[in-house]
Structures are given as C-alpha cells and as structure tokens.
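Encoded as structure tokens, the structure appears first; notes follow it.
Taken together, the values in this text are just the output of simple stated rules run on the coordinates, not laboratory data. If you're wondering where the values come from, they're calculated on a predicted model, not measured in any experiment. With ideal geometry, Cβ positions are generated from the backbone for all residues, glycine too; neighbour counts draw on all protein chains shown.
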Amino acid sequence: MLLLLAGIGCGVFFGGLAVYGQLRGGGSIRGLRWWIPLGVLAFGVAAGLGAYWIDHGEARTTLFEVDAEGSLGVKVTDPAAPVRQFDLPVEHPGVEHELLIDPITGDPAADARNSVQLYVRLDDPAGRPLIDQELLFDAECDRNRCGWRSWTAHFTPQTAEVYRLTVVVLTIDIPKVHVRVEDPEKTDGARAPGY
C-alpha cells in the first residue's frame, strides 16, 4: 500500500510542479496545457499500481519470512557459531517451495566488506534433510554499493506438517540473514516488516 501511495503522491507532487511552472512562466489557468500535469499524474498512479501489484503478488505467496539475527558481537574465541532455528508450517504438500537465504548488512547505506559463510539445513518432520548445504557469499560491488548475492533452493515437502529450518552463521560480524520461504499456492501470506 505504501508503494501505491508513494506513486500517487509523486504523481500529484510533480503534476503540481508542472502546473506551477506554467503559471510562474506567465501563463493563466485558462491557458494551461493540462495534458502535461495529467500525464505526470497518470504516470505516477500507474507506477504506484505496478509496484503494488508486484509486491502484493510476492506477499501473498510468502509462507515464512524473517530477518534473523546474524553474528554481531560474536568473538572468534566463542565456543560455537550462532544457530538460528525456525519452524515452517507447510500448508501445501507436493508443491515445490522456494527457500531464499540472503545475508544483509541491516543498514541500507552500509557496504558488505568480506565473505560470509553460512550453513543451511531443512529437515522434514521425521528429521530427514531436504536441504543440507554450506554456503559461501562473496561481497560483490557495482557502481553504487557492495553487497552479497542471495541464494535460493527449491524443495517439495511431502506432508502438511511443521518442517525445521536451521541457519548457522559461521562468519563473525554479519548483522542479519534474510530468510524467506515461498509457497506458490499460498494466497494469504504477508511479508516481514520492512518489505
């Protein structure tokens, strides 16, 4: 909804600037070229609707999503790496789900500086692993910033029960790990706060 309102707000603001610019240039209300501000408004509304539609589609298929605590404050001499465990209540067995793991800095302005090593395991209700993977994320930079590329895996749960996801943060000083599980047949999901 915020994306929709932001698009409408930008359309109104920039459309108003177009009207102001014409009036300030010596024009009158009768002589305004209304197609300019109306076109700007229509573009803002269309952009807001498009962003809302894209985000809503992703939100409704979200089975589980969290920004898990990483390893800030953990020392190399600590006896064990931070283990994060989550229960995933599967609703649609036999449907391919997608697991996304993405280390994040927690601050949009901060850059990733070093590689991140994680261990991910997804167990079915009987304790059998569906995913058992050690991951290495290298910091990648573009023109604007440096970050880590997300990792995805697909799995197909066989029963509508609770599955156990374990994420072990093996690298120190990683602020957060974004975890999202998508169920394409889910229709009433919700994104985590901030997404």
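Counted residue by residue at 0.36 nm each, then reduced by the alpha carbon distance between them, the extension gain from Arg30 to Asp107 reaches 22.8 nm. May I ask for log10 I(q)/I(0) of the chain at q = 0.10, 0.11, 0.15 Å⁻¹, from a Debye sum over the Cα atoms as equal point scatterers with solvent left out? Cα-only, vacuum Debye calculation for the chain: -0.58, -0.66, -0.96. Estimated purely from DSSP H runs of n ≥ 4, each contributing -39500 (n - 2.57), the mean residue ellipticity at 222 nm for the chain is -9000 deg cm²/dmol once divided by its residues. Put simply, when 156-163, 73-80 are sorted by average Cβ atoms within 10 angstrom per residue, most first, you get 156-163, 73-80.
Once the chain from Thr152 to Asp188 is taken as fully extended at 0.36 nm per residue, the excess over their C-alpha distance is 10.8 nm.
Taking the average, over residues, of other Cβ atoms within 10 Å as the packing measure, peptides 127-136, 170-179, 11-20 rank 170-179, 11-20, 127-136 from highest down. Rg/Rh for the range 79-186 stands at 1.01; both radii use Cα atoms, and Rh follows the Kirkwood definition. Nearest 10 degrees is fine. How inclined is helix 2-24 to the longest principal axis of the chain, computing both from alpha carbons? For 2-24 against the chain, the angle is about 20 degrees.
Quick one: net charge around Gln22, please, counting Lys, Arg +1 and Asp, Glu -1 for every other residue with C-beta under 15 Å from its C-beta. Around Gln22, the charge tally is +3.
Taken over the range 131-176, the convex hull of the Cα atoms encloses 121 Å³ per residue. Trp148 sits among other residues whose Cβ lies under 9 Å from its own Cβ, and their net charge, with Lys and Arg +1 and Asp and Glu -1, is -2.
Judged by a Cβ-Cβ distance under 4.7 Å, the unpaired cysteines of the chain are Cys10. With a Förster radius of 41 Å applied to the C-beta separation of Asp142 and Tyr20, the computed FRET efficiency comes to 0.65.
Panel order for Glu140, Glu65, by other beta carbons found within 10 Å of each beta carbon, from fewest to most: Glu140, Glu65.
Relative to the longest principal axis of the Cα atoms of the chain, the long axis of helix 35-60 makes an angle of roughly 20 degrees.
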